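> Just dropping this structure here.
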Amino acid sequence: MDVLLALLAGSVAGLALAAPLGAIGILLLQEGVTRGLRRGLAAAAAVATVDVSYCTAAVAAGVLAGPVVSGWTPWPQLLGGVAVIALGALGLLQGLRATSSGGVRSTGRTGTSRQRYLLFLGLTAINPATLVYFAAILTGLNGFTESGPTAVAFIGGVGLASFGWQALLVALGAGLRRRTGASFRRWTAIVGNGLIVAFGVALIVQAV
């Protein structure tokens, strides 16, 4: 029973972290639009990998991990903002180029599934807020991490909820891909990447 409760608690914690639609969520939607469900799942797996890794680190390090990472402020958020702006600007230029040329090819996300996995892994990992989040909530859920089986169940619940949500975003994007034409995908790329650039700017402004 304790293991099941820990799995449920981890699922709720993972869903609470993943559900707010930020820059990564927008990118996952666009990944589904431009690459389809099968090829977009690598990105969803990468985001879930980071969530599980940070949760594991928080469980292992306990409440000490959060304050240590918080002491790095504001540099992680500044670097993350710059990286998000660069990614959004690149995608925005690709979308604008596709619109002016009337082509479809340049709107698609390039690279193999492995490359996309590594890209989303890095983009998600540069923001240590996830680690702080898990370190914070575990102060009130330490009963689930006192034994090995319940700790594993809690981390597993986080991973299942995170991957399920990220895969749902990719699937929603893939559904739009099937029901819309090339013009819609081009404008989706432009609007989505424009929002990503704005999000990166907001990160930097908040940091300074």
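> From largest accessible area down, sort T73, T112, T124; use a 1.4 Å probe on the protein chains. Working shown, then result.
Details: T73 95, T112 75, T124 15 Å².
Ranking T73, T112, T124 by accessible area, largest first, yields T73, T112, T124.
> Quick one: with all protein chains in place, what share of the accessible area of the range 1-41 is carbon or sulfur, to the nearest percent (1.4 Å probe)?
Working: 1410 of 1910 Å².
Solvent-exposed carbon and sulfur of the range 1-41 make up 74 percent of the total.
The values are calculated or read from the model by the stated rules, or taken from the named source; none is laboratory data. Keep in mind it's a predicted model, so treat the numbers as computed, not measured. What goes into the accessible areas is simple: the full protein's heavy atoms, side chains included, and nothing from ligands, DNA or RNA. Shrake-Rupley method; radii C 1.70, N 1.55, O 1.52, S 1.80 Å.
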